[in-house]
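Mind having a look at this structure? Questions to follow.
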Amino acid sequence: MRLTRLAQRAGEAVLSLLLISLLIHAALDIAPGDAADTLAGETAGAAQLTALRREMGLDAPFLTRYGHYVGGILLRGDWGTSLVSRQPVAQLLRSRLAATATLAVISMTIATTVGLVVGGMAAHHSHPWFDALVIGITAVALAAPSYWIGLLLLRLFAVRLRWVPVIGRNDLSSLALPVVTLCLPLTATIVRLVRTHVLVELRERYVVTARAKGVSQWRLVARHVLRNSLSPIVMMLALHFGHLLGGVFIVETLFSWPGLGRLIVQGIFDQDHPVVMGAGLLIGALYIACNLIADVAQDRLDPRSAQRAL
């Protein structure tokens with residue numbers, strides 16, 4: 001990736017983050033209620049609410065509050081303080097990001113490994129029944145909602161068999177159900193994508209030439225076909241990894257996993273605007289970073305993509 005294009009993408013990333021922060025701030029401002037309502041309770045009077053909003057700075061105009069928040073991040077690196085827990089938002093984000101990253105890295109590693117192997121096998125397998133079996137299983141995995149898969153796994157392995165903890169982050173066993181819930185649809189997506197691109201590559205002329213020279217089918221797929229199919233696969237993996245790092249709201253809420261997704265959900269319920277703003281910006285930054293990494297990897301794997309972008 002050339003420096004000019006890299007600088008252009010960096011500028012686009014900054015503008016995207018500013019737009020994301022503005023949209024989140026506007027959505028929170030439009031939503032009824034605020035953190036003062038949460039802290040004061042239902043029995044608080046109008047005078048008490050007004051005083052509390054003034055103390056928390058919630059009575060300032062929209063643009064003033066937005067400018068103060070963005071200026072604090074850009075000039076002082078201050079992500080603000082939670083209006084409910086009074087903890088620094090940066091500290092909350094660091095602790096929750098580690099939990100979400102653990103879940104995302106393990107899920108992505110397993111899904112990518114299984115997806116590449118099964119997708120490659122389905123593309124060049126000589127038995128039609130195997131390909132039909134793979135297509136059927138992946139269709140079910142993609143159609144089943146994540147919350148339904150998670151509830152089913154909880155019912156079977158946590159409640160009935162009691163093999164793993166029901167909720168929370170206790171030890172390695174508590175990773176099992178969230179990882180499986182995330183892996184099933186992601187693995188199915190990777191399998192289908194790999195299968196499609198491998199089938200396209202198998203029709204290319206170099207494959208016919210390699211077969212004529214006596215190259216084995218497994219070596220041909222593993223060393224040549226998969227490599228030439230990696231460009232769109234890497235892009236898709238990077239985007240899905242950004243999604244996982246951003247926090248899978250349903251899975252983290254269902255299993256009480258202390259990650260970014262659950263932090264945002266709790267922040268919305270508490271109407272804790274600094275927490276929601278900080279977590280939303282971090283998710284946007286992670287997603288944009290994964291996009292940029294995917295572009296760089298795609299240029300490395302397929303130099304023609306960089307020439308077409310210029």
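The values are calculated or read from the model by the stated rules, or taken from the named source; none is laboratory data. Being a predicted model, the structure only gives us computed values, none of them experimental. With ideal geometry, Cβ positions are generated from the backbone for all residues, glycine too; neighbour counts draw on all protein chains shown.
Here is a list: LEU254, LEU230, LEU202. Which entry is within 30 Å of LEU92 (Cα to Cα) and among the aliphatic types (A, V, I, L, M)?
Just a single option satisfies the conditions, and that option is LEU254.
Here's something else I'd like to know. Would you confirm, using the coordinates I've provided, whether PHE241 is on the phi < 0 side of the Ramachandran plot, over 16 Å from the mean Cα position of the chain (by Cα) and not small (Gly, Ala, Ser)?
Spelling it out, it is not the case that PHE241 is on the phi < 0 side of the Ramachandran plot, over 16 Å from the mean Cα position of the chain (by Cα) and not small (Gly, Ala, Ser).
Hey, could you check the stretch 1-48 for residues that are part of a loop (DSSP other than H, G, I, E, B) and among the hydrophobic types (A, V, I, L, M, F, W, C) and say which is farthest from LEU281 (Cα to Cα)?
For the stretch 1-48, the residue satisfying everything is ALA44.
Could you name every one of the helices (runs of 4 or more DSSP H) located completely within the stretch 209-285 that has at least 3 residues being over 23 Å from ILE106 (Cα atoms)?
Ranges flagged: 217-220, 260-270.
Taking the condition of being β-branched (Val, Ile, Thr), out of contact with any Ser or Thr (no Cβ under 9 Å at 6 or more places or on another chain) and assigned to a helix (DSSP H, G or I), how many residues in the stretch 49-108 meet it?
The total comes to 6.
Against the conditions (1) surrounded by 14 or more Cβ atoms within 10 Å (Cβ to Cβ); (2) modelled with pLDDT of 85 or more, where does ASP37 fall short? Just the number, please.
All conditions are met except number (2).
Pick from VAL140, VAL166, VAL159, VAL134: which is over 20 Å from the mean Cα position of the chain (by Cα) and in a loop (DSSP other than H, G, I, E, B)? Show your work before the answer.
Numbers: VAL140 fails: in a loop (DSSP other than H, G, I, E, B); VAL159 fails: in a loop (DSSP other than H, G, I, E, B); VAL134 fails: in a loop (DSSP other than H, G, I, E, B).
The unique qualifying residue is VAL166.
For the stretch 210-235, give me the residue count where each residue is among the aliphatic types (A, V, I, L, M) and either more than 20 Å from ARG192 (Cβ to Cβ) or surrounded by fewer than 16 Cβ atoms within 10 Å (Cβ to Cβ) (or both).
So in the stretch 210-235, the residues among the aliphatic types (A, V, I, L, M) come out as 210, 212, 215, 220-222, 225-226, 230, 233-235.
Checking which are either more than 20 Å from ARG192 (Cβ to Cβ) or surrounded by fewer than 16 Cβ atoms within 10 Å (Cβ to Cβ) (or both) leaves us with 210, 212, 215, 220, 222.
Looking only at that region, the number is 5.
Which of the residues belonging to the stretch 152-162 are over 24 Å from VAL191 (Cβ atoms) and either surrounded by 14 or more Cβ atoms within 10 Å (Cβ to Cβ) or not assigned by TED's automatic domain parsing to the domain that holds PRO185 (or both)?
Of everything in the stretch 152-162, those that are over 24 Å from VAL191 (Cβ atoms) and either surrounded by 14 or more Cβ atoms within 10 Å (Cβ to Cβ) or not assigned by TED's automatic domain parsing to the domain that holds PRO185 (or both) turn out to be LEU154, ALA158.
Now for a different question. Which number in (1) farther than 26 Å from VAL265 by Cα; (2) surrounded by 13 or more Cβ atoms within 10 Å (Cβ to Cβ) marks the one condition that ARG76 misses?
(2)
Identify, by number, the condition in (1) assigned to a helix (DSSP H, G or I); (2) of a type in the set (D, E, K, R); (3) without any contact (Cβ under 8 Å) to a residue 12 or more places away in the chain that ARG203 doesn't meet.
Checking ARG203 against (1) assigned to a helix (DSSP H, G or I); (2) of a type in the set (D, E, K, R); (3) without any contact (Cβ under 8 Å) to a residue 12 or more places away in the chain, the one that fails is (1).
Determine the pairs where a residue that is among the polar types (S, T, N, Q), located within the stretch 248-269, has a partner that is surrounded by fewer than 17 Cβ atoms within 10 Å (Cβ to Cβ) and modelled with pLDDT under 85 with Cβ atoms under 6 Å apart, the partner being 6 or more residues away or on another chain.
What qualifies is SER256/ILE167; SER256/GLY168.
Still on this structure: Among the residues of the stretch 168-182, count how many are modelled with pLDDT of 85 or more and either in contact with a strand residue (DSSP E or B) (Cβ under 6 Å, 6 or more places away or on another chain) or aliphatic (A, V, I, L, M) (or both).
6
Moving to a separate point now. Any idea which residue in the stretch 109-130 is nearest to the chain's Cα centre (by Cα), counting only those that are free of Cβ contacts under 8 Å to residues at least 60 places away in the same chain, under 26 Å from VAL207 (Cα atoms) and assigned to a helix (DSSP H, G or I)?
Among those that are free of Cβ contacts under 8 Å to residues at least 60 places away in the same chain, under 26 Å from VAL207 (Cα atoms) and assigned to a helix (DSSP H, G or I), it is THR113.
Still on this structure, please answer the following. Residue check: is GLY267 modelled with pLDDT of 90 or more and closer than 30 Å to GLY57 by Cβ?
No: the conditions fail for GLY267.
Here is a follow-up. So which of PRO185, PRO165 ends up being surrounded by 16 or more Cβ atoms within 10 Å (Cβ to Cβ) and at pLDDT below 85?
Being surrounded by 16 or more Cβ atoms within 10 Å (Cβ to Cβ) and at pLDDT below 85 holds for just one of PRO185, PRO165, which is PRO165.
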